[in-house]
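Single-structure report; data block below.
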Amino acid sequence: MRIAFINPPLNDWHFSRSQRSPGVIKSGTMYYPYWLAYATGLAMERGHECLLVDCPADGIDREAAIAKLRDFGPGLVVVETSTPSIAHDLETVELLKAALPKAKFCCSGTHVTSEWKAALDECEALDFVTVGEYDYTISELAEALDKGEGTEDVLGLAWRGGNGPQRSGERPLITDMDALPWAAPVYKKFLNPRNYLFTIANSPMVMLISGRGCRARCFYCVYPQVMHGHDYRTRSPADVVAEMKWIQENMPEVKEIVFEDDTFTSDRARAQEIAHLVKQEGVTLPFFANIRVNVDHDTLAALKDAGLRQCATGFESGDATLLVNMRKGQTLEKQQEFMENCRKLGILVHGCFMVGFPGETRETLQKTLNLAIDLDPDSAQFYPVMPYPGTGAYQWAEENGFLATTDFAEWLNPDGGHRCVLNLPGLTAKDLEDFCEHAVRRFHFRPRYMLRKAVQAVTDPQEGVRSVNAFKNFLLSLVNGEKAQPAPVLAGKAIVDEAWGARTKVPKGRMEHVAQSEKEAA
């Protein structure tokens, strides 16, 4: 069957849909559509003729997307979705279906995994929805349609039946990760690496997934909570390094490899084996990875020696109680130790800080900013918690009346950037947004920080060019960006009391409930 995989347009925005918090990013960041790419690669391997179209990256509007699909003539169209874009995504499905009435349409992604009933109810043109990891679901769906067979036995699939939306059983998580084709050849065939940007990596770059799932239980993190679960299911070191070498030999324009695993160092022995093989196989491309603070010095040293240039690390909060409430599984002391190790080894760190957790106050906000300045990573970001459906954070916010709006279209500001949707006791959504805007300026405009970056630009010109380009994009967003409208203030909210500042138990995400159900059934 001919299958078209499409990352749909959203207005004329450079909308980065596949990242953990989809939106238009001030630095200009644009993620690869890696989940679509892996599903595309598997479908091609199974004999299907495929097309992958990334509209936001390529600047393709709806009309141009329709023209591409008409030329290709697909029997199945897979449309990636996200929470803040869902209304627009479903509207796009309606338009595409009108242009290609004979094709079947299927939506994928974290949002429809959680809200599959609503998606099918709201969009008559939508034939199917994938629930969870969809690599094999799409291929099996296409094969059933090709043979004229029923699709009820395809696991991880939802559809509109006679009595409304219904779904098949839960699809087991993929355990043999080496069985999935590489993403890089799919990128080379369908995408232009120069259309993607990760400002804390050298450009052009490619994004790979070496393992899915995360052992941590952070109650807000959308992919482990909603789709991939909390076991770290990995590709073998040999398979990972072989793809890195393929990129080096077949995509000469690529300057860095970005590993988008939730926690690349979750399996320390595996991380060290990857580092060993990188050197053994002569891979010289630098690489980037997401790393938690609980990694040991020796693993960091091995990765640095193999080419780890920079990592992103979720420090999140400067308050010990909030770290417990969010189920972060790390301490303030570990954060300091991690930064000391990275500084000694020469690994650059991009610090991630978030606000809006259970127990957040103006005092804890200041603690977080103080921590960022004290840790002094190479760069930092400050974001409000985005409680996406299917996460424990969404259930917590919904049950306690903390959601400023349940209209997902309002989760983006007029520029397409993130818009805080939490009104907490003592802190409105605008308070949290204003703090993030203040914090990012306060951190990056410090004389000490700017002097350090100037010295870095002289001693390491490549890093200097990367930082200057990122800073330029950031300044342009400050000058040209349209300010978000204040989120609605809900009446009758709880007041700040002792209970708000205490340790609290937060709900579990969708995948934790799935794992629990499977355990009980066994």
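The values are calculated or read from the model by the stated rules, or taken from the named source; none is laboratory data. Note that this is a predicted model, so its numbers are computed, not measured. Don't worry about glycine lacking a Cβ; one is built from the backbone with ideal geometry, like all the others, and counts go over all protein chains shown.
To keep it simple, each residue is scored yes or no on (1) under 27 Å from Tyr232 (Cα atoms); (2) surrounded by fewer than 16 Cβ atoms within 10 Å (Cβ to Cβ); (3) free of Cβ contacts under 8 Å to residues at least 24 places away in the same chain; (4) among the basic types (Lys, Arg).
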residue	(1), (2), (3), (4)
Tyr136	yes, no, no, no
Ser139	yes, no, no, no
Ala144	no, no, yes, no
Gly148	no, yes, yes, no
Thr151	no, no, yes, no
Leu157	yes, no, no, no
Gly162	no, yes, yes, no
Met177	yes, no, no, no
Ala184	yes, no, no, no
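None of Thr331, Thr405 is surrounded by fewer than 22 Cβ atoms within 10 Å (Cβ to Cβ) and assigned by TED's automatic domain parsing to the domain that holds Asp305 except Thr331.
The number of residues in the range 1-19 that are touching a Cys at 6+ places or on another chain (Cβ under 9 Å) and surrounded by fewer than 19 Cβ atoms within 10 Å (Cβ to Cβ) comes to 1. Take the residues of the range 125-134 that are part of a loop (DSSP other than H, G, I, E, B) and of a type outside the set (Ser, Thr, Tyr): which is surrounded by the fewest Cβ atoms within 10 Å (Cβ to Cβ)? If we take residues in the range 125-134 being part of a loop (DSSP other than H, G, I, E, B) and of a type outside the set (Ser, Thr, Tyr), then Ala125 is surrounded by the fewest Cβ atoms within 10 Å (Cβ to Cβ). Scanning the range 69-83 for residues that are touching a residue at least 24 places away in the same chain (Cβ under 8 Å) and in a helix (DSSP H, G or I) yields Leu69, Arg70, Phe72. Could you grab me the full set of residues in the range 84-124 that are within 14 Å of Ala158 (Cα to Cα) and part of a loop (DSSP other than H, G, I, E, B)? Gly109, Glu115, Cys123, Glu124 - these are the residues of the range 84-124 that are within 14 Å of Ala158 (Cα to Cα) and part of a loop (DSSP other than H, G, I, E, B).
When Cys342, Cys352 are screened for being buried (at least 23 other Cβ atoms within 10 Å of the Cβ) and without any contact (Cβ under 8 Å) to a residue 60 or more places away in the chain, only Cys342 passes. If only residues of the range 163-186 that are among the small types (Gly, Ala, Ser) and in contact with a Phe, Trp or Tyr (Cβ under 9 Å, 6 or more places away or on another chain) are counted, the one that is nearest to Gly211 (Cα to Cα) is Ala183. Among the residues of the range 8-44, those identified as at pLDDT 95 or above and among the β-branched types (Val, Ile, Thr) are Val24, Thr29, Thr40.
Within the range 377-397, count every residue that is more than 22 Å from His230 (Cβ to Cβ) and not aliphatic (A, V, I, L, M).
Final tally of qualifying residues: 7.
Of the residues making up the range 164-175, just one is surrounded by fewer than 12 Cβ atoms within 10 Å (Cβ to Cβ) and part of a strand (DSSP E or B), namely Gly164.
Rundown of residues vs (1) surrounded by 11 or more Cβ atoms within 10 Å (Cβ to Cβ); (2) modelled with pLDDT of 85 or more; (3) touching an Asp or Glu at 6+ places or on another chain (Cβ under 8 Å), yes/no style:
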site	(1), (2), (3)
Gln462	yes, no, no
Asn469	yes, no, no
Ala487	yes, no, yes
Arg503	yes, yes, no
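Hey, does the range 200-223 have a residue that's in a helix (DSSP H, G or I), crowded, with 16+ Cβ neighbours inside 10 Å and within 16 Å of the chain's Cα centre (by Cα)? Yes, the conditions are met somewhere in the range 200-223. Taken over the range 395-415, the criterion of being farther than 19 Å from Pro507 by Cα, of a type outside the set (Asp, Glu) and outside any loop (DSSP other than H, G, I, E, B) is satisfied by Phe408, Ala409, Trp411, Leu412.
Scanning the range 361-409 for residues that are in contact (Cβ under 8 Å) with a residue 12 or more places away in the chain and of a type in the set (Val, Ile, Thr) gives Thr361, Thr364, Thr368, Ile373, Val385, Thr391, Thr405. Would you check if there is a residue in the range 145-160 being among the β-branched types (Val, Ile, Thr) and not assigned by TED's automatic domain parsing to the domain that holds Cys55? Within the range 145-160, not a single residue is among the β-branched types (Val, Ile, Thr) and not assigned by TED's automatic domain parsing to the domain that holds Cys55.
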